[in-house]
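For reference, the structure is listed below as structure tokens.
Just so you know, all these numbers are worked out from the coordinates, no wet-lab data involved. Predicted model, so just to flag it, every value in this text is computed and none were measured. Methodologically, a virtual Cβ is constructed for each residue, glycine included, from the backbone with ideal geometry; neighbour enumeration extends over all protein chains shown.
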Amino acid sequence: MANGDQVAQQMLAMAEYFRQRYEIRRAIKCSLGASKVAQSDCFKILTVHQTGKLYHLYTHESEQAEKFLKLAYHQMCSTQIVDGTQNTMYDLMREYRLEAACMLAEHSLSEGLPSQVAIFMKDLQDSRGLPMLHTRLAFLCAEGAMGERKSENAIRILEELRLFLDQHPETKYLAIYAMIARLHVRAHLVGEIPKNESDEIARTIDAFPDDMARLNMQIYHMCIQLANFADIGMVRTSKALMKTLQQHAQIKTHNRGFRWADPTFITALVCVFTQTSMFQNCNRERASKYYNHAIRSIKDYSERSRTLESGVAYAIRRLKMVADETMFQTKIINCELTSAVETIHEMLSDMHTHGALQVMGVPRAHLLLGLLALYLEKTDVAEKQFNAAVATTMPYDTHLAQLLACHKGLLYLQNARQAEFYDLDDLIGLSKMNSGGTYHLRSIVKFIHGFHAYLNNKMNDCRIRVQEILDLTKSEDMFRMYTMALLLFAALNYQAIPNLSETIKPTIDWSVKSSDVALLVWTYSQLIQINDISGLPIDEEQKILLGHFQTIEISQAAMINHPHNFMLDWTSEAVEPLFPKNLMP
């Protein structure tokens with residue numbers, strides 16, 4: 001058996017040699033070969049573990065990685081005494097077992113299965129003798145708890161981690177990361193960033209002696225704050241922080257023991273944050289500019305990265321999907337329908353290549369296809385896509401569920417289906433206007449109820465909703481919703497307010513800036529009605545309105561024979577039907 005161990009050890013050494021040369025297929029062959037040699041139980045498990053690790057870190061073959069890592073993990077959990085020792089396999093292989101637990105937890109999270117991470121909670125206590133692995137596993141368990149909407153559990157895990165790390169000088173810097181992560185969970189739980197806690201973290205970071213480590217912490221702290229600002233919808237509030245983060249991202253951080261993220265990844269993250277901010281600010285040109293910057297950074301990072309660790313790889317792919325989703329919306333409000341459908345086809349292609357993206361991506365793709373169908377004036381198709389999105393949305397994704405209800409609610413109101421509108425009360429009823437969701441989502445819910453009141457001739461209720469939207473959207477620079485509220489305000493007051501046309505003219509500037517064709521059509525339609533009632537000339541406005549209608553008609557016509565038009569008929573939860581093997585390159 002000893003000779004078998006030596007042979008296996010030599011083959012693992014060859015695997016390591018090829019790994020360092022980045023000849024991964026050869027490395028895996030050597031590792032697989034080592035696992036087939038007659039050898040001791042410990043070496044057998046080690047070869048299986050190393051094979052799973054190679055698949056996990058260096059390939060897209062997540063199923064193979066999971067198979068080998070699960071096999072190794074379960075064998076390393078054995079409490080039987082190992083021959084020739086006085087130790088159990090559980091104790092003897094502790095470090096490898098914990099490493100496998102971390103990789104399996106990452107795999108579960110990237111596959112959209114946060115509940116499966118909970119099984120590794122039992123390893124947390126046992127990992128305290130290995131602080132780096134303990135920290136990694138605790139973060140993963142906290143993320144799993146967050147995925148299950150068990151925020152209190154996540155806070156408890158991170159607080160226990162902070163206390164543990166703070167006891168040892170060599171891990172005090174990791175305790176600060178635990179504090180920042182805990183801040184993120186608390187902000188998610190209460191709907192805003194606890195200012196006192198955030199200020200305390202900032203002071204703790206500023207007092208840290210190492211310049212580069214301090215910079216890493218500051219970047220992580222700012223990204224957490226930005227993520228929560230985005231989650232809440234605080235567009236204006238995020239601007240100053242985003243500018244500081246952009247400056248920090250230019251500084252090349254060094255990997256001294258622990259680095260939160262690669263500088264190129266941080267640059268991509270900043271660009272996507274900025275892109276979404278510019279989109280919400282109706283700044284089409286800058287949104288497109290930062291989209292291109294983000295895609296270049298993502299491509300650069302993906303090409304340079306030697307490992308394909310599932311958590312990191314999934315994060316960068318999700319980041320690209322968010323950028324593509326925002327770009328789709330930018331294109332569709334510009335009425336660039338063919339370009340928009342090409343963007344969503346690329347999104348779906350990425351999901352087909354990387355199946356883990358489908359959990360998050362498929363319902364969003366159906367939502368976007370529903371919006372495209374509305375621009376094509378295919379109401380039935382839009383409703384089918386919205387229903388497909390509802391059917392594929394995970395139970396914990398309450399924000400998306402509420403957004404889908406908003407789209408369905410507007411569709412029902414526009415088609416005089418008020419009974420079905422009332423069926424959405426649990427998600428977008430009057431009680432939801434001031435609680436939960438982002439500021440933007442709250443303003444949409446208010447708009448829907450204002451529109452509903454208008455249709456039912458409840459003008460006072462409509463005025464109240466409009467004023468609430470104006471106050472909310474103005475405070476955070478949500479210009480598109482502000483514009484829509486102004487236009488609804490104009491519809492209420494055609495004859496009641498002198499010079500009403502001057503009140504809504506700012507909507508033209510915002511709509512032109514974002515090239516928002518649908519809003520321009522609505523704006524000029526309102527102006528024509530107002531001026532006609534007031535006895536003012538309408539020829540110029542009619543000419544401009546006709547031009548915008550022609551833009552829509554040309555864009556709709558271009559979609560008729562577009563090769564990706566077939567996607568509008570797709571209502572499945574699987575993307576494979578969109579990419580038949582005989583059509584794959």
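Pairs over the 30 Å Cα-Cα cut-off, from the set Lys239/Lys513; Lys44/Lys150; Lys53/Lys195; Lys150/Lys289: Lys44/Lys150; Lys53/Lys195; Lys150/Lys289.
Evaluating 6.51 cos²θ - 1.76 cosθ + 1.60 at θ = phi - 60° for every residue in the range 177-186, the Karplus couplings come out as 5, 5, 4, 5, 5, 4, 4, 4, 5, 5 Hz, glycine and proline recorded as x. For the range 358-424, the fraction of alpha-carbon pairs lying more than 20 Å apart is 23 percent, rounded to a whole number. Karplus-based coupling profile of the range 16-30, in residue order and whole Hz: 5, 4, 5, 4, 5, 8, 6, 9, 5, 4, 5, 4, 5, 4, 5, with θ = phi - 60° in 6.51 cos²θ - 1.76 cosθ + 1.60 and x standing for Gly or Pro. The shape of the range 284-357 can be summarised by an equivalent ellipsoid whose semi-axes, obtained from the alpha carbon gyration tensor, come to 24, 15, 8 Å from longest to shortest.
Axis angle, to the nearest 10 degrees, between helix 41-58 and the longest C-alpha principal axis of the chain: 30 degrees.
The GluC sites (Glu not before Pro) of the range 172-237 that meet both conditions, a loop assignment by DSSP and at most 14 other Cβ atoms within 10 Å of the site Cβ, are Glu192.
Note on the chain: dipole from Cβ charges, positive end direction compared against Gln529, Ala485, Tyr422; the farthest Cα belongs to Ala485.
For the chain, the longest principal axis of the C-alpha atoms and the axis of helix 439-455 are separated by about 30°.
Treating each Cα of the range 46-107 as an identical point scatterer and summing with the Debye formula, the log10 of I(q)/I(0) at q = 0.15, 0.30 Å⁻¹ comes to -0.42, -1.21. Highest mean first, the peptides 360-371, 158-169 sorted by other C-beta atoms within 10 Å per residue fall in the order 360-371, 158-169. The calculated pair-distance distribution of the range 44-193 uses every alpha carbon pair, bins of 5 angstrom beginning at 0, and gives 2, 10, 18, 18, 19, 14, 12, 5, 2, 1, 0, 0 percent. Short-range pairs are left out: with C-alpha atoms under 8 Å and at least six residues apart, the relative contact order of the chain is 10 percent. Per-residue ellipticity at 222 nm computed for the chain from its helices equals -23500 deg cm²/dmol, with DSSP H segments shorter than 4 residues left out and the rest contributing -39,500 (n - 2.57).
Summarising the label geometry, the points placed 7 Å from Cα in the beta-carbon direction at Gln250 and Ser115 lie 4.9 nm from one another. Ordering 407-419, 45-57 by mean Cβ neighbour count within 10 Å, with the highest value first, yields 45-57, 407-419. A full extension of the chain between Ser572 and Asn457 corresponds to an added length of 37.4 nm, given 0.36 nm per residue minus the alpha carbon distance. Note on Ala518 and Asp532: the extension gain reaches 2.9 nm, defined as 0.36 nm multiplied by sequence separation minus the Cα-Cα distance. Across all Cα pairs in the range 1-92, the calculated P(r) in 10 Å bins from zero up to the longest distance comes to 19, 45, 30, 6 percent per bin. Karplus-derived 3J(HN,Hα) values for the range 114-125, using 6.51 cos²θ - 1.76 cosθ + 1.60 with θ = phi - 60°, are x, 5, 6, 6, 4, 5, 8, 4, 5, 7, 4, 4 Hz; glycine and proline are entered as x.
Can you check what the net charge comes to around Asp300, using other residues whose Cβ is under 13 Å from the Cβ of Asp300 (Lys, Arg +1; Asp, Glu -1)? Overall, the nearby charge balance is +2.
Under 11 Å from the Cβ of Glu342, count the other residues' Cβ atoms, weight Lys and Arg +1, Asp and Glu -1, and hand me the total. Value of the local net charge: -2.
Note down the net charge around Ala101, summing +1 for each Lys or Arg and -1 for each Asp or Glu among other residues with Cβ under 13 Å from its Cβ.
On the way: positive: Lys53, Lys70, Arg94, Arg97, Lys122, Arg136; negative: Glu66, Glu95, Glu99, Glu106, Asp123, Asp126.
Charge balance near Ala101 sits at 0.
By the equivalent-ellipsoid construction on the alpha carbon gyration tensor, the chain comes out with semi-axes of 51, 27, 21 Å, ordered largest to smallest. Counted over the range 348-583 with a bin width of 10 Å, the fraction of Cα pairs per bin, in whole percents, is 7, 26, 33, 23, 8, 2, 0.
Taking other C-beta atoms within 10 Å as the exposure proxy, His440, His60 rank His60, His440 from fewest upward.
Can you give the percent of C-alpha pairs in the range 131-253 whose distance is more than 18 Å? Result for the distance tail: 54 percent. Relative to the longest principal axis of the Cα atoms of the chain, the long axis of helix 337-353 lies at roughly 20 degrees.
Taking a 31 Å limit on the Cα-Cα distance, which of the listed pairs Lys384/Lys432; Lys299/Lys331; Lys378/Lys543; Lys320/Lys505; Lys29/Lys299; Lys331/Lys408 fall beyond it? Cα-Cα > 31 Å for Lys320/Lys505; rest within.
Ranked by the mean number of other Cβ atoms within 10 Å of their residues, highest first, the peptides 134-146, 421-433, 554-566 come out as 134-146, 421-433, 554-566.
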